[in-house]
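Student: Starting off with a structure, shown below.
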Amino acid sequence: MNSDAETHAVSGVLSGKTVFLAASSKLLPELTAGLCALGADVLSIAVLEAEEIEDNADLDRAIANIRQYDWIVFTSAWGVSFFAKRFRISDANGSDILPKICVIGPATAGAAEKHGFPITLTADEFTAEGVMQSLEKYYKGAENLQGLGVLIPRALEAREFLPAALASAGCRVDAIPCYRTVMPEPDARLSARLRNETPDLIVFTSAKAMRNFLKTASAAAGEKTAQRRLLEAVTAVIGAVTAGALESEGKSAEIIPGQSTVPALLAAIADFFRNSSKLP
């Protein structure tokens, strides 16, 4: 920013705007604070929460044999947290025996550092595709991944791209669920606003967050109203995968940040509305 006036203009760029934010409980606080700082009236909707799966036998076996892996790949902060819980109570506890660790992005890196896991590689692009590309770059070609052992602690329901791509490159891959995502029950205040308001902006942090928002909004206001809210509002998504899921609902995202991070998403939202305000 070049002046206090410009700074004030950005901080108030969403003044008078209503924003529905559909996010995981982990991302909700940071995004809510950021949108409020831009001046928005924010309805924060926790559409994803994580809980540990009941049967951890497969993960416990993998941890007991942790030396067989060359890499642990974490694709979410929740994956780090639930893996760390099982790791701490195992006989394998001790960072000196850990394989190399690859993380999908800054939030996941922060979780890994919090739990004392040293990071070897952070994906250049914060997607499963980006993880694969970064591993190929690290080894100077996909052909050099042959024979590597890779452990992916992940959600019970997760995209299959990365395990399939690693297996195709000749890796020994164990993609092991350690948590499941669930949808919290909306409160009465939330249901009333979903029934009665069309927001200026709806923000989605994942494809599942978008689908769960539609379920929540449909339950509160009816399917037709929920779909109308989606189509009439400006939408912001955290990355290309979420944008693709939104396309399947007949809506193109107006705002997609260059990086799949909360700061990049907030900056892209601010830029969009600042530029929109300049239009005649």
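The values are calculated or read from the model by the stated rules, or taken from the named source; none is laboratory data. If you're wondering where the values come from, they're calculated on a predicted model, not measured in any experiment. As a convention, Cβ positions derive from the backbone with ideal geometry for all residues, glycine included, and neighbour counts pool all protein chains shown.
Student: Scanning region 56-84 for residues that are over 21 Å from the mean Cα position of the chain (by Cα) and polar (S, T, N, Q), which turns out nearest to TYR139 (Cα to Cα)?
Tutor: GLN68
Student: Residue by residue through region 70-113, note down the ones that are surrounded by fewer than 21 Cβ atoms within 10 Å (Cβ to Cβ) and assigned to a loop (DSSP other than H, G, I, E, B).
Tutor: Passing the criteria: ASP70, ILE89, SER90, ASP91, ALA92, ASN93, GLY94, LEU98, PRO99.
Table: residues versus (1) closer than 24 Å to GLU197 by Cβ; (2) touching a Phe, Trp or Tyr at 6+ places or on another chain (Cβ under 8 Å); (3) of a type in the set (Phe, Trp, Tyr).
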| site | (1), (2), (3) |
| --- | --- |
| GLU223 | yes, no, no |
| GLU232 | yes, no, no |
| THR235 | yes, yes, no |
| THR242 | yes, yes, no |
| SER252 | yes, no, no |
| ILE255 | yes, yes, no |
| ALA264 | no, no, no |
| ALA270 | yes, no, no |
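Student: How about region 236-266: which of its residues are touching a residue at least 24 places away in the same chain (Cβ under 8 Å) and of a type in the set (D, E, K, R)?
Tutor: If the condition is that a residue be touching a residue at least 24 places away in the same chain (Cβ under 8 Å) and of a type in the set (D, E, K, R), then GLU249 is the only one that fits.
Student: With respect to the numbered conditions (1) at pLDDT below 90; (2) polar (S, T, N, Q); (3) in the same structural domain as PRO153 (by TED's automatic domain parsing), which one is the sole condition not fulfilled by SER3?
Tutor: Evaluating SER3 over (1) at pLDDT below 90; (2) polar (S, T, N, Q); (3) in the same structural domain as PRO153 (by TED's automatic domain parsing) leaves (3) as the failure.
Student: Determine which single condition LEU148 fails, assuming it passes every other condition in (1) within 22 Å of the chain's Cα centre (by Cα); (2) at pLDDT 90 or above.
Tutor: With (1) within 22 Å of the chain's Cα centre (by Cα); (2) at pLDDT 90 or above applied to LEU148, the lone miss is (1).
Student: Another question, if that's okay. Given (1) within 30 Å of VAL19 (Cα to Cα); (2) outside any helix (DSSP H, G or I); (3) not assigned by TED's automatic domain parsing to the domain that holds GLY239, where does ALA175 come up short, assuming only one miss?
Tutor: Just one mismatch for ALA175, condition (1).
Student: Would you confirm whether or not region 218-227 contains a residue that is in a helix (DSSP H, G or I), among the basic types (Lys, Arg), touching a strand residue (DSSP E or B) at 6+ places or on another chain (Cβ under 9 Å) and surrounded by fewer than 18 Cβ atoms within 10 Å (Cβ to Cβ)?
Tutor: No - not one qualifying residue is present in region 218-227.
Student: With the condition kept exactly as written, say whether any residue in region 146-157 is in a helix (DSSP H, G or I), aliphatic (A, V, I, L, M) and either in contact (Cβ under 8 Å) with a residue 40 or more places away in the chain or over 22 Å from ALA243 (Cα atoms) (or both).
Tutor: no
Student: Within region 21-33, which residues are more than 13 Å from the chain's Cα centre (by Cα) and surrounded by 20 or more Cβ atoms within 10 Å (Cβ to Cβ)?
Tutor: Selection gives LEU21 alone.
Student: Follow-up. Could you check, for region 187-205, whether at least one of its residues is among the hydroxyl-bearing types (Ser, Thr, Tyr), closer than 25 Å to ARG229 by Cβ, under 15 Å from the mean Cα position of the chain (by Cα) and assigned to a strand (DSSP E or B)?
Tutor: Checking region 187-205: not a single residue is among the hydroxyl-bearing types (Ser, Thr, Tyr), closer than 25 Å to ARG229 by Cβ, under 15 Å from the mean Cα position of the chain (by Cα) and assigned to a strand (DSSP E or B).
Student: Before we move on, is PRO163 in contact with a Cys (Cβ under 6 Å, 6 or more places away or on another chain) and either assigned to a loop (DSSP other than H, G, I, E, B) or buried (at least 19 other Cβ atoms within 10 Å of the Cβ) (or both)?
Tutor: On the way: in contact with a Cys (Cβ under 6 Å, 6 or more places away or on another chain): no; either assigned to a loop (DSSP other than H, G, I, E, B) or buried (at least 19 other Cβ atoms within 10 Å of the Cβ) (or both): yes.
In short, no.
Student: Looking only at region 150-193, which residues are under 26 Å from SER44 (Cα atoms) and of a type in the set (A, V, I, L, M)?
Tutor: ALA155, LEU156, ALA158, VAL182, MET183, ALA188, LEU190, ALA192
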